[in-house]
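Below: the structure, in structure tokens.
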Amino acid sequence: MSPPPAPTLLDGFAYRDGTMHAEDVPLATIADEVGTPCWVYSHGVLDARFRAFDAAFAGIPHLVCYALKANSNQAVVRTFAELGAGADIVSEGELFRALAAGVPPERIVFAGVGKTAPEMAAALQAGILQFNVESEGELLRLSQVAAGMGRTAAVALRVNPDVDAGTHAKITTGTPDNKFGIEIGDARAVAAQAAALPGIRLAGLAMHIGSQLTSVEPYRAAFGRLADFARSLMNEDGHRLERLDLGGGLGVHYRHAPPVDLPSYAAAARAAVAGFPGTIVLEPGRWLVADAGILLARVQYVKRGSLKTFVILDAAMNDLVRPAMYDAWHPLRPVTEPAAGAEPVTVDVVGPICESSDVLATAREMPPVAPGELVAIGVAGAYGAAMSSFYNSRLPAPEVMVRGQGFSLVRSRPSYDEMIAHERLAPWQTHQP
Ligand SMILES: *Cc1c(COP(=O)(O)O)cnc(C)c1O
């Protein structure tokens, strides 16, 4: 049988016959089989998103390194690896995940401000494509580690281009008050140093100015600065640069009008790097996965107070922390299609965790829902499951991937035994109380 056709963008989740489906599978079927809360991903949307992103850079040598931290599930990473993706990793754990999912080491770039010596050694051992180095201290340590192993580390200096991405303060990274990157005014000296250090090959420059960017202007400015700087390093200082890594950060449509569209983003990149003789690396995370996932939850109670009505779900901030952490807004829909003309109510949608910040939606106008009903929290494929925790000793929600009429559990719910498996009593506590 030939594989089912990929759905067009954004239509992985839709009402059909009065109930919401993921591709061709009713969400209620998934809830019955794996329980709630659970994450549901559309393989078709993941596939379509990667193909669209990759196609936007057709004709120029490029490598799309999926930023694993957005959603590091093996089945998600494998989906992209099968399409030729590389990986942007930020820890040894992500290196392990990328390799385990089948990403070839020569397509892996390693970012992050705090790489330890063992992490560097593991990545050198694996033979990754490049280290995106964020400070002089890191460069010196990498030189020591690589030279000690008799290896050469390919390095891209991550430059902080001093461009405000205009995004939420907690996810902006491209100005001097952030911990990220080497300030562009200092980068020339660091490049000279890199060229002279043992165990280091200066292979390129990198940048990443933030996440959930909603305008193309910061990209245009930052890409331009990076490309100008690359030209001066090549033409004036004689460095040979093989790669320019333009980072990620392309926003998605949570609430307001769609942010930057892919063609304008790609056009800004193409214009900036025109004439650059090497390869362009791109590190999208959120854009590839956000729309491909929902968090499926069941209403437990509807609690009416004197000021507010609370819809209490079985999903919480330990599952989806974005509303609590970034004031994020996620679309929320009853799985059973509301009757046409159903009078909306204004509610706070919350979880069972003992924190007032355990909120999934505040003052949300939505069709009325009743205890026992399923709701879908949309645009949750990015920074959802990946940021989940055991807080309140709640088990992380399982993850399901849908493809056409089929679906598969791609991460099971751990057991309570597994939850405490790494905990030990101290030796003086071994007597039963
Ligand atoms: C987080 C991150 C990305 C991906 O960001 P998105 O907003 O998810 O696209 C890319 N590169 C680096 C260095 C990152 O830290």
Open item on the list: Under the rule that an exposed site lies in a DSSP loop and has at most 12 other Cβ atoms within 10 Å, name the longest stretch of the chain with no GluC sites (Glu not before Pro) of that kind, not counting the sites themselves.
Closed with: 1-235
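What is the percent carbon and sulfur in the accessible area of region 176-324, measuring with a 1.4 Å probe over the protein chains and ignoring ligands?
The nonpolar share, carbon plus sulfur, comes to 52 percent.
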Task: Residue among 230, 131, 169 farthest towards the positive dipole end of region 111-284, charges placed on Cβ - done: 131
Open item on the list: P(r) for the chain, please, calculated from all Cα pair distances in 20 Å bins and given in %.
Closed with: 25, 52, 22, 2
Task: Principal-axis tilt of helix 136-149 within the chain, Cα atoms, nearest 10 degrees - done: 80
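Compute the relative contact order of region 71-170 as a whole-number percentage, counting only Cα pairs closer than 8 Å that sit 6 or more residues apart in sequence.
For region 71-170, the relative contact order is 22 percent.
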Task: Rg(Cα) / (2.2 N^0.38 Å) computed for region 111-284, rounded to two decimals - done: 1.03
Open item on the list: As a test of the formula, what do you get for the chain when each DSSP H run with n ≥ 4 contributes -39,500 (n - 2.57) and the sum is divided by the residue count, at 222 nm and rounded to the nearest 500 deg cm²/dmol?
Closed with: -8000 deg cm²/dmol
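List the relative contact order of region 111-284 as a percent without decimals, with contacts defined as Cα pairs under 8 Å and 6+ residues apart.
21
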TODO: Determine the distance separating the Cα centre of region 180-243 from the Cα centre of region 273-340; give it in Å without decimals.
DONE: 34
Task: Within straight-line cross-link reach of residue 170, lysines at Cα separation under 22 Å, skipping those fewer than 8 residues along the same chain - done: 69, 115, 179
- [ ] Specify the inter-centroid distance of region 95-170 and region 60-90, based on alpha-carbon positions, in whole Å.
- [x] 16
TODO: Go through region 375-383 residue by residue and turn each phi into a ³J(HN,Hα) via Karplus (6.51, -1.76, 1.60, θ = phi - 60°); whole Hz please, and just put x for glycine and proline.
DONE: 10, 10, 9, x, 6, 10, x, 10, 6
- [ ] Return the long-range amide H neighbours of residue 335 (sequence gap of 5 or more, or a different chain), with a cut-off of under 5 Å between placed amide H atoms.
- [x] 374, 375, 376
Task: Alpha-carbon Rg/Rh ratio, for region 100-185, with Rh computed the Kirkwood way - done: 1.03
- [ ] On a 0 to 90° scale, report how tilted helix 262-273 is relative to the longest principal axis of the chain, with both axes built from alpha carbons and the result rounded to the nearest 10.
- [x] 10
Task: Förster-model FRET efficiency, 30 Å R0, residue 405 and residue 337, C-beta, rounded to 0.05 - done: 0.90
Task: Set of aspartates and glutamates with alpha-carbon distance to residue 303 below 19 Å, sequence-local pairs under 8 removed - done: 314, 343, 348, 355, 358, 365, 373
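The values are calculated or read from the model by the stated rules, or taken from the named source; none is laboratory data. No experiment lies behind these values; they were computed from the predicted model shown. All Cβ positions, even for glycine, are placed from backbone atoms using ideal geometry, and neighbour counts span all protein chains on display. Quick note on the areas: whole protein, heavy atoms, side chains included, nothing else; ligands and nucleic acids left out. Shrake-Rupley method; radii C 1.70, N 1.55, O 1.52, S 1.80 Å.
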